[in-house]
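What follows is a short report on a single structure.
Every number in this text was worked out from the coordinates using simple rules, so none of it is lab data. On a predicted model such as this, the values are computed, not experimentally measured, just so you know. Glycine gets a Cβ as well: all are built from the backbone with ideal geometry, and neighbour counts include every protein chain shown.
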Amino acid sequence: MVNLNDLQNELIQGQKLSMQGSDQRRAPEKIAIPYLLSARKGLKEFVKQNEDNSLAWRLLSQAEEYLLNYNEAINCLQKVIELGGKDRKDRKDLRRLVMLKENGRQWQELNISPEQLELLGRYLEQKVESSGCNHTLTHTKEWLDENIPKNKKSKVIKSIQNQGGFCDCEVLMNVID
């Protein structure tokens with residue numbers, strides 16, 4: 001039988017290595033992915049055998065979130081809330097559920113994968129460091145021209161601006177980090 005404490009420790013190790021903040025997610029660092037995937041797999045097995053264990057569902061929600069699977073993270077957290085009963089709805093869980101839905105919406109709206117966003121970030125860091133920011137989206141648009149279909153470019157730019165990215169350095173600060 002899988003030990004929940006071991007799974008929790010593995011998830012914590014993956015989270016530490018992921019270099020993700022607590023409010024907004026980005027693609028986890030590659031070194032963290034094996035820990036996160038292993039913890040998620042073990043937690044899925046655990047909840048199959050222990051469907052009423054709210055801690056296991058909460059940990060599975062976190063694992064899904066760290067892996068940017070927001071729909072699954074939401075489903076797992078809703079299970080935690082259901083297990084708590086109508087009289088015991090935890091405000092932290094409800095706030096977290098709202099945050100997961102918002103982050104999931106932002107990722108979906110962005111219309112590019114976490115990996116693409118990470119590559120865009122590396123590209124912009126290099127360009128802004130070498131030539132500075134001219135307060136336009138010049139480098140962002142260059143990268144988009146080379147890496148996504150033209151019919152998606154205007155949607156991606158609009159969603160970047162909706163998240164506070166009106167120039168290359170703001171894309172780095174407000175969208176990527």
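Worth pointing out:
- Put simply, of 12, 81 the only residue that is more than 28 Å from residue 153 (Cα to Cα), surrounded by fewer than 16 Cβ atoms within 10 Å (Cβ to Cβ) and more than 12 Å from the chain's Cα centre (by Cα) is 12.
- Qualifying positions in segment 137-168 - assigned to a helix (DSSP H, G or I) and farther than 15 Å from residue 110 by Cβ: 138, 139, 141, 142, 145, 146, 150, 151, 168
- Residues satisfying the stated conditions in segment 109-135, i.e. of a type outside the set (Ser, Thr, Tyr) and outside any helix (DSSP H, G or I): 111, 112, 132, 133, 134, 135
- Only a single item in (1) free of Cβ contacts under 8 Å to residues at least 60 places away in the same chain; (2) among the aliphatic types (A, V, I, L, M); (3) closer than 26 Å to residue 143 by Cα is not met by residue 74, and it is number (3).
- Selection status of residue 129, more than 20 Å from residue 63 (Cβ to Cβ) and not hydroxyl-bearing (Ser, Thr, Tyr): yes
- Counting the residues of segment 117-137 that are surrounded by 14 or more Cβ atoms within 10 Å (Cβ to Cβ) and either over 16 Å from residue 174 (Cα atoms) or under 13 Å from the mean Cα position of the chain (by Cα) (or both) gives 3.
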